[in-house]
1. To the nearest whole percent, what portion of all C-alpha pairs in the range 3-80 is separated by more than 21 angstrom?
2. Which one of LEU40, PHE196, ALA25 has its Cα pushed farthest toward the positive end of the charge dipole of the chain, where Lys and Arg give +1 and Asp and Glu give -1 at the Cβ?
3. From the Cα trace of the range 90-209, what convex hull volume per residue do you get, rounded to a whole Å³?
4. Distance in nm between label sites at GLU167 and ASP155, each 7 Å beyond Cα in the beta-carbon direction?
5. Once you keep just the Cα pairs under 8 angstrom separated by 6 or more residues, what percentage relative contact order results for the range 90-209?
6. Taking 8 Å as the Cα distance limit and 6 or more residues as the minimum spacing, I'd like the relative contact order of the chain as a percentage.
7. Just how far, in whole angstrom, is the range 1-58 from the range 120-172 if you go by their alpha carbon centroids?
8. Considering the Cα positions of the chain, please state its Rg to one decimal place and its Dmax as a whole number of Å.
Amino acid sequence: MSSGQEIQDIHKAVVSLSVPETESATKRAIDAGLNRQEILVDGLAAGLLEVGDKWIKQEMFISHVLVAAKAMKAGQAILEQGEPEGESKAVMVLGTAQGDLHDIGKNLVGMMMKAGGFKVYDLGVDVPPRVFVDKAKEVDADIIGISLIMSICLDKVEETCKLAREEGIKAKVLIGGPATSDTVADKIEADGYGGFDAPTGVVKAKELIGID
């Protein structure tokens with residue numbers, strides 16, 4: 001079996017919403033010696049992105065996206081088992097804004113950031129401004145990444161930006177998600193806008209702190 005076929009098998013398993021097959025296909029790819037980043041980006045993440053695209057086009061339901069995300073996370077967990085700890089290019093603290101409980105996009109961003117060389121501390125959902133800032137201090141983060149789906153939570157993102165400035169931490173605040181934009185970032189004085197999708201977020205994060 002070619003490496004291309006093994007990646008396709010992972011992709012197909014996620015799109016087919018099969019957690020067991022995603023786990024099995026991921027194990028086969030690892031055993032075959034495939035590059036872990038390729039498995040992550042071209043197999044697992046690409047599968048979830050396709051399901052998300054089908055949902056946007058109303059070809060699938062949100063319940064399908066949730067199952068696909070579960071499959072992706074199962075594959076990622078296997079991928080991370082026994083993975084050698086490489087040198088990280090930068091450190092990110094990641095979470096959704098306080099009051100926002102949507103984590104699919106945030107999880108995908110975290111996954112892609114890891115593939116892009118970031119050490120990611122995922123704080124989960126509904127994260128208060130103080131928790132973001134304190135964790136950034138603790139781990140000497142380069143970036144605080146905030147995912148926002150619900151615009152009603154924007155005031156908490158603005159509060160996080162203000163607190164980060166007041167406390168003089170080095171971490172830049174990067175916002176992303178459907179409820180954000182360049183205009184919103186300027187309005188709340190965030191340091192950057194990471195876009196709507198995870199791959200763009202990685203590019204913007206690297207640009208923000210000046211790394212390749």
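Every number here is computed from the coordinates shown, using simple stated rules; none is lab data. Just so it is clear, the model here is predicted, and its values are computed rather than measured. A quick note on method: Cβ atoms are made from the backbone with ideal geometry, for glycine too, and the neighbour counts reach across all protein chains shown.
1. On the way: 539 of 3003 pairs.
The proportion of pairs with Cα distances above 21 Å equals 18 percent.
2. ALA25
3. On the way: hull volume 9.3 nm³, N = 120.
About 78 Å³ per residue, rounded to a whole number.
4. 2.1
5. Working: 252 pairs, mean separation 32.4, N = 120.
Computed value for the range 90-209: 27 percent relative contact order.
6. Working: 371 pairs, mean separation 33.7, N = 212.
Rounded, it is 16 percent for the chain.
7. After rounding, the separation between the Cα centres reads 31 Å.
8. Final numbers for Rg and Dmax: 17.2, 56 Å.
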